[in-house]
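Read the structure below first, then the notes.
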Amino acid sequence: MRHFPIFLALQGRRVVLSGGGGAALAKLRLLMKTEARIEVFAADPAPEIEAWAAARRLTLHRRALQAADLQGAALAYAADEDARGDARTAALARTAGVLVNVVDDLDASQFLTPAIVDRDPVTVAIGTEGAAPVLARAIKADLEARLSPRLGALARLAQGFRGRAAALPQGRRRRAFWSAWFDRAGPQALDAGGPAAAETALEALLAAHLDAAPQPGHVIFAGAGPGDPDLLTLKARKALDRADVVLHDRLVPPAILDLARREATLIDVGKQGFGPALPQAEINALLVRHGQAGAQVLRLKGGDPAVFARLDEEIDAVAEAGLGWEIVPGITAASAAAASIGQALTRRGRNAGLRVLTGHDMAGFAEQDWHALATPGTVAAIYMGKRAARFLQGRLMMHGASEATPVTVVENASRPDERVLASSLGRLSRDLEDARPEGPAILLYGLAPRAAAAVLSLPRQEVS
Ligand code: SAH
């Protein structure tokens with residue numbers, strides 16, 4: 001982000017604009033929405049500017065801008081649509097230490113004017129850093145259609161009622177009151193009887209919310225999917241939008257955490273600084289503590305919360321504390337990895353079952369039913385298998401698995417930095433040493449990427 005969006009208080013402050021043509025008119029129409037004192041410098045202004053000056057909406061100076069004119073100004077606009085004139089305005093502004101915008105010249109500008117959707121006091125500003133004005137216009141048109149023209153009136157009523165609403169405890173209960181107002185009660189009352197009815201409705205709504213018993217704390221165990229935010233379920237997304245506290249794994253990427261409410265407390269329980277993972281008992285204690293304080297807690301885990309994620313231990317702790325809970329499934333890494341290599345996890349005639357294994361358990365490398373796994377056609381999704389590769393290789397080959405059995409390693413499945421390594425049981429540990437995957441990686445035992453599978457099957461067909 002090269003430009004940081006802010007909303008500037010301009011009441012009574014001077015905004016200086018040099019120019020009197022089309023570009024000046026476009027900027028002035030926006031600026032006149034504010035309470036700034038606008039001063040226009042133009043030897044030959046458009047008639048609209050003259051009319052606005054006559055109506056005292058701005059001050060018009062029929063001469064060129066001078067250095068002294070910039071003293072104390074909040075913003076300056078170079079809108080002469082002439083490179084030399086604009087460069088002069090920009091230089092004067094810089095000398096005076098006033099932020100300047102040169103119309104249609106991104107590099108010469110210190111700030112940009114966004115496209116605006118105006119539902120005063122609600123304002124949406126859209127910026128593309130000059131990269132795609134067409135896109136900004138499309139987003140603006142979309143928002144204009146989506147945001148009710150009554151939104152401003154609703155927000156203004158709310159603004160005047162903030163003090164009264166403070167009778168509700170800050171946090172979830174107050175938020176529930178405001179959501180009910182903006183979602184249903186407000187629009188209904190405005191439609192039915194205008195602002196006067198809406199004010200009465202606001203009082204009634206507050207009384208109802210003050211009477212309501214507080215909602216108890218609750219924990220949602222949700223899967224965040226393998227990393228691509230588009231692979232988040234709608235239910236997990238809604239939970240992110242509502243949670244007061246989000247406890248997340250280190251597998252959950254920032255793009256997904258960005259979807260949490262701005263006021264939500266985000267706790268990374270995957271690591272402590274750069275140190276080791278937080279002990280399970282502490283994670284359980286955090287869930288219970290926040291739940292008992294009445295918070296809506298979201299325990300967000302990578303992939304599916306029920307796959308190698310110590311879900312039972314956390315549910316036990318939460319249930320024992322008498323808190324309500326719910327599981328929201330997610331797309332597990334095996335599903336994302338299989339999708340990436342264009343393969344199904346099961347296939348008629350090849351594997352009637354799918355094994356979901358971990359390379360590691362609490363005791364170290366995990367023992368499995370190696371004999372069954374070595375049977376031709378077996379497919380297994382091996383989680384946490386990177387470091388166990390040599391162990392897996394040894395055990396499986398000892399039990400008769402062919403060293404030609406395909407094994408595909410998918411690192412960072414579904415993420416922009418995804419890598420696919422097509423290997424075989426015999427070459428697995430060597431290939432992993434060469435490729436050194438650093439992100440989370442899953443081993444798909446018995447599956448080759450679809451294109452490679454087609455190539456590999458050629459010689460066999462020739463032999464038969
Ligand atoms: N609950 C998770 C698994 C947690 S165990 C799930 O359902 O996916 C952590 C292991 O999951 C990692 O070591 C890795 O083997 C696997 N994993 C998680 N996300 C992954 C991803 N995006 N790509 C590849 N493997 C992933």
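Odds and ends about this structure:
- VAL134 versus HIS371: modelled label distance in nm, points set 7 Å from Cα along the beta carbon direction: 6.6
- Extension gain for the segment PHE4 to ALA87, taken as residue separation times 0.36 nm less the Cα-Cα distance, is 27.5 nm to one decimal.
- With the whole protein complex present, LYS33 retains an accessible surface near 120 Å², based on a 1.4 Å probe.
- In this view, the solvent-accessible surface of ARG289, computed with a 1.4 Å probe and all protein chains in place, comes to about 150 Å².
- Aspartates and glutamates whose Cα lies under 19 Å from that of LYS33, excluding same-chain neighbours fewer than 8 positions away: GLU48, GLU50, ASP118, ASP120, GLU144
- Ligands, DNA and RNA left out, the accessible area of segment 14-113 computed with a 1.4 Å probe is 49% carbon and sulfur.
- Charges were assigned to the Cβ only: +1 to each Lys and Arg, -1 to each Asp and Glu. The resulting dipole of segment 250-310 about its Cα centre is roughly 60 debye.
- Sites excluded, chymotrypsin sites (Phe, Trp or Tyr not before Pro) in DSSP loops with at most 11 other C-beta within 10 Å, longest stretch of the chain: 8-273
- If you model the chain as an ellipsoid using its alpha carbon gyration tensor, with each semi-axis the square root of five times an eigenvalue, the axes come out at 58, 33, 19 Å, biggest first.
- Each label point was placed 7 Å from the Cα along the Cα-to-Cβ direction; for ASP105 and ARG415 their separation is 4.4 nm.
- Alpha-carbon centroids, segment 313-358 and segment 179-212: separation in whole Å: 44
- Helical content of the chain, expressed as a calculated mean residue ellipticity at 222 nm, amounts to -11500 deg cm²/dmol (DSSP H runs of 4 or more residues, -39,500 (n - 2.57) each, divided by residue number, nearest 500).
- Spatially proximal lysines relative to LYS301 (Cα-Cα < 24 Å; intrachain offsets below 8 disregarded): LYS235, LYS238, LYS271, LYS386
- The mean sequence separation of alpha-carbon pairs under 8 Å and at least six residues apart, normalised by the residue count of segment 157-211, gives a relative contact order of 36 percent.
- Directionally averaged projected area (convex hull, Cα atoms, segment 122-205), nm²: 6.7
- Cα convex hull of segment 218-330 - mean projected area over all directions, nm²: 6.2
The values are calculated or read from the model by the stated rules, or taken from the named source; none is laboratory data. Note that this is a predicted model, so its numbers are computed, not measured. Please note: Cβ atoms are built from the backbone with ideal geometry, for glycine as well, and neighbour counts cover all protein chains shown. What goes into the accessible areas is simple: the full protein's heavy atoms, side chains included, and nothing from ligands, DNA or RNA. Shrake-Rupley method; radii C 1.70, N 1.55, O 1.52, S 1.80 Å.
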